[in-house]
1. So which of VAL20, VAL28, VAL40, VAL11 is crowded, with 18+ Cβ neighbours inside 10 Å, closer than 15 Å to PHE86 by Cβ and at pLDDT below 90?
2. Quick check on my filter: what residues within the range 43-76 are surrounded by fewer than 17 Cβ atoms within 10 Å (Cβ to Cβ) and of a type in the set (D, E, K, R)?
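The values are calculated or read from the model by the stated rules, or taken from the named source; none is laboratory data. Predicted model only: the values in this text are computed from it and were never measured. Cβ sites come from the backbone with ideal geometry, for glycine too, and all protein chains shown count toward neighbours.
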Amino acid sequence: MLMHFLGGLWVGLFFIYVFVRKNLSLDVSKKQIINIILQVFLMSVVWEIFEFKVNNIIGQRPFSILDTTSDLLFDLSGAFLAVSYFVNRTMSTLKSKVQL
């Protein structure tokens with residue numbers, strides 16, 4: 001569970017980096033935040049499909065909807081932390097630049 005949380009955090013920060021580099025600005029719109037969350041969710045679903053295939057082919061373990069749901073929720077919570085950290089850090093940086 002910790003690994004899924006950290007994975008969601010890392011993927012969220014990666015997509016924030018990609019979108020900031022693409023726009024060359026620290027301004028993040030609501031559309032970009034939703035896009036980042038959706039990208040993390042998409043990566044999480046792809047990972048869960050991979051995990052399902054590996055467990056069925058190699059591990060011979062049965063599918064668990066509870067495990068999959070908790071993994072997706074931990075991935076999304078990591079993404080929300082990444083977005084909130086970036087937005088709070090960006091807002092404090094922009095406010096300090098405006099006050100000077």
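1. Values: VAL20 fails: crowded, with 18+ Cβ neighbours inside 10 Å; VAL40 fails: at pLDDT below 90; VAL11 fails: at pLDDT below 90.
When all the criteria are applied, what remains is VAL28.
2. GLU51, LYS53, ARG61, ASP67, listed by residue number.
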